[in-house]
Amino acid sequence: MKHSPEHAVAVEPEVKDANLKRLRRIEGQIRGIHKMVEEDRYCPDIITQIASAQQALRGVGRQLLRNHLKHCATTAIKKGPKEADATYDELLELVYRHLR
């Protein structure tokens, strides 16, 4: 698999800000779930909140994958066949792990 660089090739500021806001909301959701468990709340209510937090995390993941495809992968593919093949392998592995 391709070696991971230290930083993304490019991150659009508005996308980064939106992801950070979303992650802060998710942090709040997780704290809420923690409190629900502490208070022995009704299990289906807790499970519903967990599903909501998971969906929110998937949303952040989709945005990060989009950014990776738009910037990092595109840049690597344009460099030539060797970089393109490594990028294809990286993307396949990423999608496979993300879909499990």
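The values are calculated or read from the model by the stated rules, or taken from the named source; none is laboratory data. Nothing here was measured: the structure is a model prediction, and the numbers come from that model. Don't worry about glycine lacking a Cβ; one is built from the backbone with ideal geometry, like all the others, and counts go over all protein chains shown.
What's the total number of residues in the range 68-90 that are surrounded by 15 or more Cβ atoms within 10 Å (Cβ to Cβ) and touching a helix residue (DSSP H, G or I) at 6+ places or on another chain (Cβ under 6 Å)?
Of the residues in that region, 5 qualify.
Being closer than 30 Å to D89 by Cβ and in contact with a Leu (Cβ under 9 Å, 6 or more places away or on another chain) narrows it down to one of L23, L64, so name that one. First the steps, then the outcome.
Numbers: L64 fails: in contact with a Leu (Cβ under 9 Å, 6 or more places away or on another chain).
Answer to the selection: L23.
Going through E14, E27 one at a time, which residue ends up being exposed (fewer than 10 other Cβ atoms within 10 Å of the Cβ) and in a helix (DSSP H, G or I)? So that I can check it myself, show each step before the final result.
Details: E27 fails: exposed (fewer than 10 other Cβ atoms within 10 Å of the Cβ).
Going through E14, E27 in turn, the sole match is E14.
Out of (1) in contact (Cβ under 8 Å) with a residue 24 or more places away in the chain; (2) in a loop (DSSP other than H, G, I, E, B); (3) not aliphatic (A, V, I, L, M), the odd one out for H7 is which?
(1)
For the range 84-100, how many residues are without any contact (Cβ under 8 Å) to a residue 60 or more places away in the chain and in a helix (DSSP H, G or I)? Walk me through how you get there before you give the answer.
Applying the first criterion (without any contact (Cβ under 8 Å) to a residue 60 or more places away in the chain) to the range 84-100 yields 84-85, 88, 91-92, 94-100.
Subset that is in a helix (DSSP H, G or I): 84-85, 88, 91-92, 94-99.
Within the range 84-100, residues that are without any contact (Cβ under 8 Å) to a residue 60 or more places away in the chain and in a helix (DSSP H, G or I) number 11.
If L94 satisfies all but one of (1) touching a Leu at 6+ places or on another chain (Cβ under 8 Å); (2) loosely packed, with under 12 Cβ neighbours inside 10 Å; (3) of a type in the set (A, V, I, L, M), what's the number of the condition it fails?
All conditions are met except number (2).
Taking Q49 as the residue in question, decide whether it is modelled with pLDDT of 95 or more and within 18 Å of the chain's Cα centre (by Cα).
On the way: modelled with pLDDT of 95 or more: yes; within 18 Å of the chain's Cα centre (by Cα): no.
No; evaluated as a whole, the condition is false for this residue.
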